[in-house]
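Report on one structure; see the data block that follows.
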Amino acid sequence: MAMCMSLTFVFVKLSLEGFSLAQSAGGRMVIGAVILVPLAFLFGDGLPQKFWFWKWAAALGMFNFVLPFSLLTYGQSYLPSNVVGAMFSLIPLATIGLSAVFLGVVITRRKWRGLLIGFLGLIVITEPAKWIGSTGPEHALPMIASLGAILCFSIAAILMRIMPSVHPLSLMGGSALIASIFGIVPFMTIFDGNLPQLRPWIGLLGVSVLSTTIAYSLRFYLIRRKGPVFLAPNAYVGVILVNVFGVAVIGDSITLAMVIAFPLIFLGLLIAQDGSGNMKQV
C-alpha cells in the first residue's frame, strides 16, 4: 500500500504534463469508478440499494476522493513531488488526534515520541528555508491545498472505522461512483481538442489503477481490520518511497535534506513500535 500510494505523486506529476488540473483529478475519479464498480460486483457484495450504504458512500466519496484529489492535484501542480509527499506524513498526526477525540483510542507516550521524531524528519525534508522570503507567499495556497487534502484523508480514515460493516470493494465502488459524478464533465473536456501524448496517459492510468483502485482499497481494508492508528507509521515509509521514486522516475535530485531526514524517519518508526512486539501497537 505504501508503494502504491507513493507512486501517486509521480504519476500525478506525469499526468499534469498533458492534462489540466481539472482533467487530471476528474479523470482519476472516472477511471477509478470504471475499475472499482465491476470489482464490487465480481468480488464484493455489489452496490446495495440501501439508504445507509449510499449515505456512507457519499461521505467517503467526498472526503476520500473528490476533495483530496482536487486539492492534491492543485498543490502538486506548483510544489515538487517530494515536498507534497513529505507533507502527507502529517496524516498520522492528524489521524491520531482525531482517533483520540472521536474513537477514544489511547495513544502511548512512546508512540507520540516516535511519531514526533519522524515529524522532525518531515520538516527537514521539506527544506523550510525555501518557503521563507520573497518566494514564500506564492507557495502559500498550494501548501494550504495540500494540507486540506491531508485533513480530508484523516477524516476519511475515521469514517472508514465507524461506518457499518460492509464489503470493502462494495463501499469503494459506491464511493468512487459518487465521486465520478463530479469528475465526468472535466474529464470529457480531454476530447475537445488534440489528445495528450502517451506519457500523461501513463500518469493518469497509473494513478487511477495503483493509487485510486489498489492502494485505497487496501487502506480501507486495513483501517477496518486494525484501525487508523495502525497505519500511522506507514505514511513515514511513504515519504522515503516518494523521494526514491521521484529520483528514479522523474529525475528529482538527491538533496542533503534527504540524507539528514531519512535516518530521523527510521528512528521515529522504530520508537513508535512501542517495544511490545504486538502489531496492533505499531
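At full extension, LEU205 and ALA100 could sit 34.1 nm farther apart than now, given 0.36 nm per residue minus the alpha carbon distance.
Here r is the Cβ-Cβ distance between ASN194 and LEU141 and R0 is 41 Å; the resulting FRET efficiency, rounded to 0.05, is 0.85.
To the nearest 0.05, what FRET efficiency results for ARG225 and ALA59 with a Förster distance of 22 Å applied to their C-beta separation?
0.60
Which length gain, in nm to one decimal place, applies between PHE43 and THR108 when the Cα-Cα distance is subtracted from 0.36 nm times their residue separation?
19.6 nm
Bear in mind these aren't lab numbers, they're just calculated from the coordinates by the rules spelled out. From a predicted model like this one, the values you see are computed outputs, not experimental measurements. Every residue, glycine among them, receives a Cβ derived from its backbone with ideal geometry; neighbour counts consider all protein chains shown.
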